[in-house]
1. For M1 paired with A94, estimate the spin-label separation in nm (one decimal), with each label point 7 Å from Cα along the Cα-to-Cβ line.
2. Counting each DSSP H run of 4 or more residues in the chain as -39500 (n - 2.57), what helix-only mean residue ellipticity at 222 nm follows after dividing by all residues, to the nearest 500 deg cm²/dmol?
3. Residue-wise, which Karplus ³J(HN,Hα) couplings in Hz belong to the range 122-129, taking 6.51 cos²θ - 1.76 cosθ + 1.60, θ = phi - 60°, and x for glycine or proline?
4. Hey, if we sort R61, R20, R100, R14 by accessible area with the 1.4 Å probe, largest down, what's the order?
5. May I ask what percent, to the nearest 5, of DSSP beta bridges between residues of the range 53-136 are antiparallel?
6. Looking only at A69, A87, A77, which one moves most when the chain is put into a Gaussian network model with springs between Cα atoms under 10 Å?
7. Could you check the spin-label model distance between Y23 and T75? Points 7 Å from the Cα along Cα→Cβ, value in nm.
8. Which of P25, P88, P116 ends up with the largest GNM mean-square fluctuation for the chain, with Cα atoms connected below 10 Å?
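The values are calculated or read from the model by the stated rules, or taken from the named source; none is laboratory data. All values derive from a computational prediction rather than experimental measurement. All Cβ positions, glycine included, derive from the backbone under ideal geometry; neighbour counts span all protein chains shown. These area figures cover heavy atoms from the full protein model, side chains too; ligands, DNA and RNA do not enter into them. Shrake-Rupley method; radii C 1.70, N 1.55, O 1.52, S 1.80 Å.
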Amino acid sequence: MASPGIPAATLIDRARDVARHSYSPSSHFPVGAALISDTGEIITGCNVENAAYGEAICAERNAVTTMIAQAAGQTIAAIAIVGLKAAPCWPCGACRQVLREFNCQKVIVEGEGGEPATLAFSDLLPHSFGPEALGS
Ligand code: THU
């Protein structure tokens with residue numbers, strides 16, 4: 001389970017669905033992400049690239065910014081990531097740091113055979129820097 005009542009496979013399916021909206025004319029590497037917040041909302045995002053290559057935004061960060069825009073204060077119970085051309089599709093370093101900011105607990109990727117694999121977030125970004133380090 002990604003979180004109570006939500007199977008990991010459901011989040012993977014939502015991530016695959018939104019990956020089909022990807023705007024990736026530079027890389028031709030569509031990615032989708034589906035997160036479930038601590039309040040039970042499922043929120044999705046896909047990667048959006050740009051002719052100025054450095055302005056590409058990853059699927060995970062698009063999902064996170066939408067989560068905050070919908071309701072401030074939410075945290076991330078789990079996030080599933082699907083790359084239509086690669087399994088597993090691991091979150092990049094920048095996305096791991098952004099997921100860390102919002103207390104992500106689990107990351108779900110597709111195994112090579114397509115089965116969901118669920119990892120503890122702390123295994124993907126150990127000894128991480130987070131907002132509590134800044135104090136008040
Ligand atoms: N990408 C993501 O959307 N998420 C990741 O964590 C890895 C990379 C996107 C960025 C870019 O549009 C494409 O995949 C190729 O790097």
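1. If labels sit at M1 and A94, their model points lie 3.6 nm apart.
2. -8000 deg cm²/dmol
3. Whole-Hz 3J(HN,Hα) from phi for the range 122-129: 4, 6, 8, 9, x, 6, 8, 9.
4. R20, R14, R61, R100
5. 60
6. So, out of A69, A87, A77, the one fluctuating most is A69.
7. Between Y23 and T75, the simple spin-label model gives 3.3 nm.
8. Checking each option, the largest mean-square fluctuation is seen for P25.
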